[in-house]
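Structure, as structure tokens:
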Amino acid sequence: MTAFRAPAAQPAALAPVLPELLNQVAHQASRRMEAALGPDGPTLDQWRVLTLLSDGAGHPMTEIASHAMVPAPTLTKIVDRLVERALVYRRPDETDRRRVLVFLSDHGRARYERLAPALTRVGDELADELGTQDAARLVELLERLRASPG
């Protein structure tokens, strides 16, 4: 990967660099997470679904798609695969029978709980590489970007 260096005195030079740098760092973090999930583990998209469902509540497909950052047709395929692996199950919403909720199965919860520490270690390693203060500042800045419109 190419290292980008923009002079601090020229903020306009950051405009083309920032999105690409964020994309590269996200890719590196994703690779680390995939490695932590292992070759027989869930994919990163599947992990995002399991993470949301780990709260014990059933969630509608639209909410899961938003959380996993995938389009609805892709989410349907992801959930189908998780159902095939007995990690999740679907059930009609008791308050609105037209809506389907997805839940984490007991097997899915056990798998999630077994893998979660490895993903936590990835976060710990990233924070250690930056140092506590810089990691906290980066989280603050990324949260600001995530909350911005667009």
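The values are calculated or read from the model by the stated rules, or taken from the named source; none is laboratory data. What you are looking at is a predicted structure, and each value in this text was computed from that prediction instead of being measured. Here the Cβ is made from the backbone with ideal geometry for all residues, glycine too, and neighbour counts use every protein chain on show. Note: areas computed on protein heavy atoms with side chains; ligands, DNA, RNA excluded. Shrake-Rupley method; radii C 1.70, N 1.55, O 1.52, S 1.80 Å.
Check each of the trypsin sites (Lys or Arg not before Pro) in the stretch 51-150 and keep only those in coil by DSSP with at most 15 other C-beta atoms within 10 angstrom; list them in order.
Filter output for the stretch 51-150: 85, 97, 98, 99.
At 0.36 nm per residue, minus the direct Cα-Cα distance, what do residue 113 and residue 97 gain on full extension? Give it in nm, one decimal, please. Don't jump to the answer; show the numbers that get you there.
Details: separation 16, 0.36 × 16 = 5.76 nm, distance 3.05 nm.
Computed gain between residue 113 and residue 97 is 2.7 nm.
Say R0 is 30 Å: what FRET efficiency, to the nearest 0.05, do residue 74 and residue 141 get from their beta-carbon distance?
That gives a FRET efficiency of 0.55.
What list of ³J(HN,Hα) values in whole Hz, one per residue of the stretch 111-116 in order, does the Karplus curve 6.51 cos²θ - 1.76 cosθ + 1.60 (θ = phi - 60°) give from phi, with Gly and Pro shown as x?
5, 4, 5, 6, 8, 3
Note the direction-averaged projected area, equal to a quarter of the hull surface, for the Cα convex hull of the chain, in nm². Display every interim value, and only then the final one.
Working: hull surface 45.8 nm².
That works out to 11.4 nm², a quarter of the Cα hull's surface.
Round to a whole number: what % of the accessible area of the chain belongs to carbon and sulfur, probe 1.4 Å?
Here it works out to 56 percent.
Quick one: 3J(HN,Hα) in Hz for the stretch 90-107, Karplus 6.51/-1.76/1.60 with θ = phi - 60°, rounded, Gly and Pro as x.
9, 8, x, 5, 5, 8, 9, 4, 6, 9, 10, 10, 10, 10, 7, 6, 4, 5
Under 5 Å between amide hydrogens, which residues at least 5 positions from residue 101 or on another chain qualify, with H placed 1.01 Å from N in the peptide plane?
91, 93
I'd like the distance between the alpha-carbon centres of the stretch 20-65 and the stretch 125-150, rounded to an integer number of Å.
So the separation of the two Cα centres works out to 18 Å.
With +1 assigned to the C-beta of every Lys and Arg and -1 to the C-beta of every Asp and Glu, and no other charges, what is the dipole magnitude of the chain about the Cα centre in debye, to the nearest 20?
Rounded to the nearest 20 debye, it is 380 debye.
Quick check for you: with a 1.4 Å probe and neighbouring chains kept, what is the accessible area per residue of the stretch 17-150, in Å²?
Using a 1.4 Å probe on heavy atoms only, each residue of the stretch 17-150 averages 65 Å².
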